[in-house]
1. Quick check for you: which residues of region 110-127 have the amide N under 15 Å from the point 7 Å beyond the Cα of His243 toward its beta carbon?
2. In whole Å, how far is the Cα centre of region 161-179 from that of region 11-41?
3. Once fully extended, how much extra length lies between Thr252 and Arg142, figured as 0.36 nm per residue of separation less the alpha-carbon to alpha-carbon distance?
4. Step through the residues of region 176-191 one at a time and calculate ³J(HN,Hα) from phi using the Karplus curve (6.51 cos²θ - 1.76 cosθ + 1.60, θ = phi - 60°), rounding each to whole Hz and writing x for Gly and Pro.
5. Calculate the spin-label point distance for Asp87 paired with Val220, positioning each point 7 Å from the Cα along the beta-carbon direction, and give it in nanometres.
6. With springs connecting C-alpha atoms under 10 Å apart, model the chain as a Gaussian network and identify which of His246, His301, His265 has the largest mean-square fluctuation.
7. Taking the alpha-carbon distance from Lys92 and a cut-off under 25 Å, which lysines remain once sequence neighbours fewer than 8 residues away in the same chain are dropped?
8. Calculate the dipole size of the chain relative to its Cα centre from +1 charges on Lys and Arg beta carbons and -1 charges on Asp and Glu beta carbons; express the result in debye to the nearest 20.
Amino acid sequence: MRQVIIIGSGPAGYTAAIYAARANLNPLVVASSVEAGGELMNTTEVENFPGFPEAIMGPDLMAKMQEQAERFGAEVLYDDVVSLDIDGPVKKVTLGSGATHEADSLVFATGSAPRKIGIEGESRLSGRGVSYCATCDGFFFRERVIAVVGGGDSAMEEATFLTKFASKVYIIHRRDELRASKIMQERAFKNEKIEFVWNSAVVDILGDEAVTGVVLEDTVDGSRRELALDGVFVAIGNDPRTHLVHDKLRLTPEGTVWVDGRSSHTSVPGVFAAGDVIDPTYRQAVTAAGSGTVAALDVEHYLAGLGEAGAPDPAGAEIDGLADAATLGR
């Protein structure tokens, strides 16, 4: 039986693994068979992660985090969790392969998934012109006319990246101003291949075997028109991946996993959560990594309590005497 199993392999999961491994907890990281590395695997240049002044590609950053975790003894397993049994003191994790792993504690760091528009044609044409990942699919749209739906940093990044391939990129936004940071806006505004479509919502995606266009509804006067396109990239945000813990862990009104204050303690003793799955606000790689640190330290305290008293404090008491040179990273 393990001391700790970490579900998720994004910045939160791998940072938790680094700290747990350095504390000799021998963590098992269930990294997923198809989505290992989390959302940063779909990101181009990461410019705001400390320590990389020249920026770093998202997949490269995640590879370095994994390498660091494995260096200290973390085991990474490429499989998918299909069910959890977390009611008792022993936490049971069942994988898609049929294997079952048990542990004294669990870190839930499953991150978030791209949000869908939820309209006709979106699911039917997914993979046939509808995409949620520019770095994955941009190459297939060389010299094509495409659109990015959204107004945040992710949408600006996707659109700017796609101009390397497409002949023209529309940015469709339901308002007349962007939510994106100023630097991301400026890059998009300066790019000659990008054209903004303001005050417009995509209400239908057209095409039989492949995307041929979208139906836009004016958010001011309600009028509708068609826009011919070869592809649609959806970048309207993300939703926390909580399907494994519905009816098992307390959730917040925003749909994220509830944790006690600034800790990683969930509503079930021995189960901790970190990263975007608990964060509806900031959702940055660096904040996720910090959250993973908190989870590992909370796990260490929990396990120490098991050994000393046989019953840990589920409220998440302060860490006394545990933040030695290993856990502090010195």
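1. 110-116, 123
2. When both Cα centres are located, 34 Å separates them.
3. Details: separation 110, 0.36 × 110 = 39.60 nm, distance 4.23 nm.
Extending this stretch completely gives an extra 35.4 nm.
4. 9, 8, 9, 8, 5, 5, 4, 5, 6, 4, 4, 4, 5, 4, 7, 7
5. 5.8
6. Looking only at His246, His301, His265, the largest GNM fluctuation is found for His246.
7. Lys248
8. Details: 29 positive and 48 negative charges, 83 e Å.
It works out to roughly 400 debye.
The values are calculated or read from the model by the stated rules, or taken from the named source; none is laboratory data. All figures in this text were calculated on a predicted structure; none of them were measured in a lab. Positions of Cβ are backbone-derived with ideal geometry, glycine not excepted, and every protein chain shown enters the neighbour counts. The protein model used for the area step is the full one, side chains on, heavy atoms only, and it has no ligands, DNA or RNA in it. Shrake-Rupley method; radii C 1.70, N 1.55, O 1.52, S 1.80 Å.
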